[in-house]
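Every read-out reported here was derived from the displayed coordinates using simple, explicitly stated rules and does not represent laboratory data. What you see is a predicted model; the values in this text were computed from it and never measured. With ideal geometry, Cβ positions are generated from the backbone for all residues, glycine too; neighbour counts draw on all protein chains shown.
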């Protein structure tokens, strides 16, 4: 019964996460363009949009369900259910928000969902919180991904195609959300050290990554189409979290050849999906609601 409740909570989380993103997309498109040089002005404009504010409230609710699901169900099961939310994303886009999702996007979202589910299935079970980590590994992982996220945010300024900047910002946001999650995980393992957990450098990294992800996600939703940006954000966050578990916290890899092969196939599927989903989708006769 506990497992079924965890799965139900994860399903609610997946639905609310997608719903929050769609509301934030609507609100972000009605706000002034996000300008990293004026963060306070940009934040005020975003929060002044009714739909963006609603989206943030829904997203916070989704996070609560996420935490509750992780508390009573294995992480691999929760990740698989959340991965299935990629398909739910397309259904919600068409049925609730009037977006026309093309065949390529359906295939891309399907590849993403199956790839992430395979990753979850092939990860061996772990026991306990498993929050211990190598400081050197933590620094290398967090700094490296902060750099990748920064390059994706710069996008066209470093030679990337302008038309894909929205998706690149979505990927940057997902990576930075993952960086923040890894930092939070590290701090949970330091709770026994009292105040050291609060004054540790991981708190600063968590705040920096979360703030950067907030602005990157909002600007990505302004510059790109909703479905590709949301899908890439979710996939990047999931993969970053899985990689962080393996590299930073020493989560075990599959101990057999089949598991390693399946994980390799899963990563290839997600990469292929990232090439399929950015194709344009358009709202079918849907006029933005007034903020």
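Points worth noting:
- The C-alpha radius of gyration of the range 222-268, expressed as a fraction of 2.2 N^0.38 Å, stands at 1.48.
- When 50, 44 are arranged by Cβ crowding within 10 Å, least crowded first, meaning fewest neighbours, the order is 44, 50.
- Treating r as the C-beta distance of residue 38 and residue 257 and R0 as 41 Å, the FRET efficiency rounds to 0.15.
- Highest average packing first - 113-119, 8-14, 90-96, 224-230, Cβ atoms within 10 Å: 224-230, 113-119, 8-14, 90-96
- Take each peptide in 150-162, 22-34, count the other Cβ atoms within 10 Å of every residue, and average; sorted highest first, the result is 22-34, 150-162.
- This ranking places 38, 164 by how few other beta-carbon atoms lie within 10 Å of each, fewest first, which gives 38, 164.
- Legend: ranking of residues 253, 82 from fewest to most surrounding C-beta atoms inside 10 Å; resulting order 253, 82.
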